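The values are calculated or read from the model by the stated rules, or taken from the named source; none is laboratory data. A quick note: this is a predicted structure, and the numbers were derived from the prediction, not measured. Methodologically, a virtual Cβ is constructed for each residue, glycine included, from the backbone with ideal geometry; neighbour enumeration extends over all protein chains shown. With ligands, DNA and RNA removed, areas are computed over all heavy atoms of the protein, side chains included. Shrake-Rupley method; radii C 1.70, N 1.55, O 1.52, S 1.80 Å.
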Amino acid sequence: MSRIAYILLCHKEPEAIVAQANRLTAAGDYISIHFDARADSQSFVAIKDALSENPNVAFARKRIKCGWGAWSLVQATLYAIEAAVDAFPKATHFYMISGDCMPTKSADYIHDFLDAQDADFIESIDYFRSD
């Protein structure tokens with residue numbers, strides 16, 4: 001059975017992040033969170049405290065200041081992925097998501113779809129062919 005480790009990059013609205021993490025982990029999936037170091041540290045503490053009892057939540061080992069379109073977003077992603085790999089060895093898939101996003105399909109639908117496919121799914125855009 002597929003087990004998804006969501007990789008979440010976020011920077012605002014701690015209550016929404018907590019709700020998002022709880023919804024994404026409710027079906028047994030995981031989430032690894034990087035909360036931008038530019039954001040309020042009290043918000044980060046509130047998120048960690050609210051999710052401290054959820055064993056399917058991990059946090060990036062280091063928070064960094066992220067800039068739009070900057071290398072820092074890649075580094076933040078790598079920190080969150082490293083945390084997910086360490087914390088969730090049973091994860092079969094990784095799914096990047098932002099704080100403003102939620103999957104449009106149910107967890108049951110996503111699991112059934114992934115279980116029926118012998119493929120990896122990576123969305124990419126050719127920089128030279130796009131506008």
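General remarks:
- Whether the range 84-125 is rounded, prolate or oblate, judged on the alpha carbon gyration tensor where a/c under 1.5 counts as rounded: rounded
- Taking other residues whose beta carbon is less than 12 angstrom from the beta carbon of N56, and scoring Lys, Arg as +1 and Asp, Glu as -1, yields +1.
- Local net charge near D112, Cβ-Cβ under 15 Å (Lys/Arg +1, Asp/Glu -1): -2
- Close amide-amide hydrogen proximity is noted between R3 and T92, H93, each under 5 Å apart and 5 or more residues distant or on a separate chain (H modeled in the peptide plane; Pro and chain starts excluded).
- Of the residues H34, H111, H11, the one that moves most in a GNM of the chain with alpha-carbon contacts below 10 Å is H111.
- Cα-centred dipole magnitude for the chain, charges only on beta-carbon of K, R (+1) and D, E (-1), debye, nearest 20: 480
- Partners of K105 within straight-line reach, counting aspartates and glutamates whose Cα lies under 19 Å from its Cα and excluding those fewer than 8 residues away in the same chain: D29, D115, D120, E123.
- Each residue, S98 and K48, gets one label point 7 Å from its Cα in the Cβ direction; the gap between the two is 2.5 nm.
- Within straight-line cross-link reach of K62, aspartates and glutamates at Cα separation under 16 Å, skipping those fewer than 8 residues along the same chain: D36, D40, E82, D86
- Per-residue packing, averaged as other Cβ atoms within 10 Å, sorts the ranges 124-131, 47-54 into the order 47-54, 124-131, beginning with the highest.
- Among D29, D118, D40: highest mean-square fluctuation, GNM of the chain, C-alpha pairs under 10 Å: D118
- Correct choice for Cα extents along the principal axes in Å that was computed from the model, options (i) 43, 42, 26; (ii) 50, 44, 26; (iii) 59, 27, 26: (i)
- Nonlocal amide H pairs with C66, under 5 Å, H built at 1.01 Å: A37, R38
- Separation of the range 89-131 from the range 9-26 is 18 Å, based on Cα centroids.
- Summed over the residues of the chain and divided among them, the accessible surface reaches 65 Å² per residue at a probe radius of 1.4 Å.
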